[in-house]
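In what follows, a structure is listed as structure tokens, so that the remarks can point back to it.
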Amino acid sequence: MKKILFVMNTMGRAGAERALIALLKTLPREEYDISLLVLLNRGEIFDEIPDWVTLLNKHPDNRSVLSIGGRAALIKTTLRCFFYHLRGFGLLGYLLRNFILQLKKHRVSLDKLLWRVIANGTKVPDGTYDLAVAYLEGGSTYFVADFVHAKKKASFVHIDYEKAGYGRSLDLDAYSKIDRIFSVSKEAGESFCRIYPEYTDKCRLFRNIIDTAWIKEQSLKKLPASDPFAKSTAKYKLLTIGRLAYQKAYDIAIPALRLLREEGLDIDWFVLGEGPLEGELRSQIAREKLTGHFVLLGSKANPYPYCRLASLYVHATRFEGKSIAIEEAQVLGKAIIASDCTGNREQITHDVSGYLIPLTAEAIASSVKKLLTDTDKLHHFEQASKQVNLAHSEDMKAFYELL
């Protein structure tokens, strides 16, 4: 029986983690001995890992990665690297050099700086695997490349590599040790290859696996009567799912809602997700006098009833690899408005299965108003979403080739 090791950064409620769970369920359990190691031993969906997968983390912590405790776990892992494994001191020059580079770009990202430290501070599993898979860029890729013993190694790219802040300085020579690089969209692969043209021959397309039956089943569950979404009496309810981070452009969505309400539309906008910008966004919501109308609901174990009940789904982001939230909205037959950016363009055909729009408050507001007041168009987009093909069984061939 072939042995496969998957390595993941965290197990929080995010798109890549959900896609990993779906992939684990797809692999034939009778053919593969599958293990999973999570670098930062924290996240809400450990319980969703199939029971035939061996979890190498001894005491998985089901709390949020983005909570105060999650930050403490990050610090603990970092300190373990420095003072227990004694691997961290050699990275001081690396950390300083990349911190200065991030300062020059005005985008300091602590998690990206520390992923290599965390990778260096993680205990290496015993034995040799037939295949080791880093399911995310950053820490898991560095760990698989530098420490895991495996006959073949693969890594996944889920983002627009150029815009997300990764690059040669952070990665060092990690990808030279990877046999196959899977990107979740064509544009994500093209972005990666613009930074690493020498690895073009290693790259393959592997689109996210979506558990459509499970999503539909979960969407039918009732929301608590006390939930702000359920309590809202607005005629229209917009939904966005994603981390409260710069990439997701909520700072543009908030004034878009103000414009819509100033035009007399009875709309509330709900956001599912946690993240470092929560405080800033709450302040902006208050300044725009949208408290109670632009609502940050936090992370939810089951986001699908919100999506099923929403008037439409809005995904106005600065960049993407490929949005699992969009695919889940399509499973549930929602009309979608998305920004015209990497990843989104492969999921939405403008004016056929949704609207692709410029990332401005005015464009968002105009498109939302146009769609909500044109019921024929809204219904057309909903039907188009239901017909999107989200099964890409042919992508598995490149994965199985490694075995």
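The figures follow:
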{"quantity": "Of all residues in segment 137-171 being part of a helix (DSSP H, G or I) and hydroxyl-bearing (Ser, Thr, Tyr), the one that is nearest to Leu37 (Cα to Cα)", "calculated": "Ser140"}
{"quantity": "The listed residue being among the basic types (Lys, Arg), in the same structural domain as Gln218 (by TED's automatic domain parsing) and in contact (Cβ under 8 Å) with a residue 60 or more places away in the chain, out of Arg287, Arg261, Arg243", "calculated": "Arg243"}
{"quantity": "Enumeration of residues in segment 179-198 that are part of a loop (DSSP other than H, G, I, E, B) and either crowded, with 20+ Cβ neighbours inside 10 Å or under 20 Å from the mean Cα position of the chain (by Cα) (or both)", "calculated": "Val184, Ser185"}
{"quantity": "Yes/no for Ala338 being under 22 Å from the mean Cα position of the chain (by Cα) and not in a helix (DSSP H, G or I)", "calculated": "yes"}
{"quantity": "Residue match in segment 319-326 (condition: part of a strand (DSSP E or B) and either closer than 23 Å to Asp374 by Cβ or out of contact with any Asp or Glu (no Cβ under 6 Å at 6 or more places or on another chain) (or both))", "calculated": "no"}
{"quantity": "Restricting segment 355-378 to residues that are assigned to a loop (DSSP other than H, G, I, E, B) and in contact with a strand residue (DSSP E or B) (Cβ under 8 Å, 6 or more places away or on another chain), the residue that is farthest from Trp269 (Cα to Cα)", "calculated": "Pro358"}
{"quantity": "Residue in segment 266-282 that is β-branched (Val, Ile, Thr) and without any contact (Cβ under 8 Å) to a residue 12 or more places away in the chain present", "calculated": "no"}
{"quantity": "Among the residues listed as Ala363, Ala329, Ala335, the single one being of a type in the set (A, V, I, L, M) and closer than 21 Å to Tyr246 by Cα", "calculated": "Ala363"}
{"quantity": "Positions within segment 210-234 being among the acidic types (Asp, Glu) and under 16 Å from Ser299 (Cα atoms), in sequence order", "calculated": "Asp227"}
{"quantity": "Long-range neighbours under 7 Å by Cβ, at least six apart or interchain, first residue under 12 Å from Leu312 (Cβ atoms) within segment 354-368, second part of a loop (DSSP other than H, G, I, E, B)", "calculated": "Gly354/Ala335; Gly354/Ile348; Ile364/Ala316"}
{"quantity": "For Ala249: the one exception among (1) surrounded by fewer than 20 Cβ atoms within 10 Å (Cβ to Cβ); (2) on the phi > 0 side of the Ramachandran plot; (3) small (Gly, Ala, Ser)", "calculated": "(1)"}
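Yes/no matrix, rows are residues, columns are (1) in contact (Cβ under 8 Å) with a residue 40 or more places away in the chain; (2) touching an Asp or Glu at 6+ places or on another chain (Cβ under 8 Å):
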{"site": "Gly121", "(1), (2)": "yes, no"}
{"site": "Tyr135", "(1), (2)": "yes, no"}
{"site": "Arg168", "(1), (2)": "no, no"}
{"site": "Ile178", "(1), (2)": "yes, no"}
{"site": "Val184", "(1), (2)": "yes, no"}
{"site": "Glu187", "(1), (2)": "yes, yes"}
{"site": "Leu205", "(1), (2)": "yes, yes"}
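The values are calculated or read from the model by the stated rules, or taken from the named source; none is laboratory data. Keep in mind it's a predicted model, so treat the numbers as computed, not measured. When we count neighbours, we look across all protein chains shown, and the Cβ atoms used for this are built from the backbone with ideal geometry, even at glycine.
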